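> Structure incoming, see below.
Every number here is computed from the coordinates shown, using simple stated rules; none is lab data. Please read these numbers as outputs of a predicted model, since none were measured by experiment. Ideal geometry is used to build each Cβ from the backbone, glycine not excepted, and the neighbour counts take in all protein chains shown.
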Amino acid sequence: MSSEMVLCAFLSFMWGWGITKISIPLSFRYRILDMPESRKLHNEVTPRGGGIVLWSGLLLFLLLARDHFEFDPSFFAWCASATFLVGYLDDMRSLSPKVRLLVHIAASIVALIPLYKSGNFPLWGWLTASLWIAAMISAYNMIDGMNGLVLVIFAASSCMFMVVFHNIFWAFGFGIAIGILPWNFPEARTFLGDGGSTLLGFFHASILLYSIFSYTPLTQSFIPLCLFLAFAGGIPFIDMCFAILRRTVKGVSPFYPDKGHIHHRLLRRGFTPPFVLVLMVSFHLAMLFISIRFF
């Protein structure tokens, strides 16, 4: 790992930790709050400032580290912002699931335009990968139901991909996630909100595709690409697939929230939150390792 990546991870950590500390009282002041509900695990009013910290840190990183990118980050920046803002608006006042899904799909398609134009993606591969990014946006949002879970999953993913791809993007992702984590686990003094969790999903999926397809296209046939994407989605992707299947069988909307996610089921069986966290992250890393073997 280069000294630049270590420095990037450290500065990202400091941004995540320091700015989150500032965001908590501001969230109370401006009523950016998450209210307790029957389907949620928390019983107290909690700020939702973590997502803004993540988004602002990402934009600052894109501005300062622009010369280190092997692609024009403009498409990524605009699409990441659209993903965050529609989630943030949904935090403030509920938006239609169809509106959110359309924005997620549009952002996912546009984000991969540089890869398609480079010749590393045929049209069918571009569209397949775009749908996967949109699915990962929802997957990260769905699994964000236990303190620290989505941040640790994202940090673990970033750490593995940082070692494999030596990409400064993953150093930033690891650092800022670890920086925000102390404010979200074990006691949640702030939440990422829908804006933050969906942004993590977009980051994981789109930067992974950039990391891989900038070098070697994995589009020799449809099946290998789908297998790679399924395993590369890790625990969030599996949890989302089961959630959609479960809700469809019950005859309710796939977007209807419930307490049937993997972490909910493990907690109901009496496992402690730290054990559930370690167990799920371990399986997640195992799936990512398998996906890298496809690469």
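> Those residues that are touching a helix residue (DSSP H, G or I) at 6+ places or on another chain (Cβ under 7 Å), aliphatic (A, V, I, L, M) and closer than 12 Å to THR20 by Cβ, I need them from segment 155-188; list them, please.
Across segment 155-188, the qualifying residues are ILE176, ALA177, ILE178, ILE180, LEU181.
> Any idea how many residues of segment 83-118 are surrounded by fewer than 18 Cβ atoms within 10 Å (Cβ to Cβ) and not charged (D, E, K, R)?
15
> Quick one: count up the residues across segment 56-99 that are in contact (Cβ under 8 Å) with a residue 60 or more places away in the chain, assigned to a helix (DSSP H, G or I), within 23 Å of LYS117 (Cα to Cα) and aromatic (Phe, Trp, Tyr).
Result for segment 56-99: 1.
> Could you look through segment 263-286, keep only residues that are within 15 Å of GLY148 (Cβ to Cβ) and without any contact (Cβ under 8 Å) to a residue 60 or more places away in the chain, and pick out the one that is surrounded by the most Cβ atoms within 10 Å (Cβ to Cβ)?
Selected residue: LEU266.
> A further question on this structure: Given the residues LEU127, LEU95, LEU102, LEU115, which is the only one that is more than 22 Å from MET240 (Cα to Cα), of a type in the set (A, V, I, L, M) and out of contact with any Lys or Arg (no Cβ under 9 Å at 6 or more places or on another chain)?
Of LEU127, LEU95, LEU102, LEU115, the one residue that is more than 22 Å from MET240 (Cα to Cα), of a type in the set (A, V, I, L, M) and out of contact with any Lys or Arg (no Cβ under 9 Å at 6 or more places or on another chain) is LEU115.
> I need a count of the residues in segment 171-184 that are of a type in the set (Phe, Trp, Tyr), closer than 21 Å to MET160 by Cα and either surrounded by fewer than 24 Cβ atoms within 10 Å (Cβ to Cβ) or out of contact with any Phe, Trp or Tyr (no Cβ under 6 Å at 6 or more places or on another chain) (or both).
So the answer is 1.
> On to the next question. Examine segment 227-234 for a residue that is more than 12 Å from the chain's Cα centre (by Cα) and at positive phi, and state whether such a residue exists.
no
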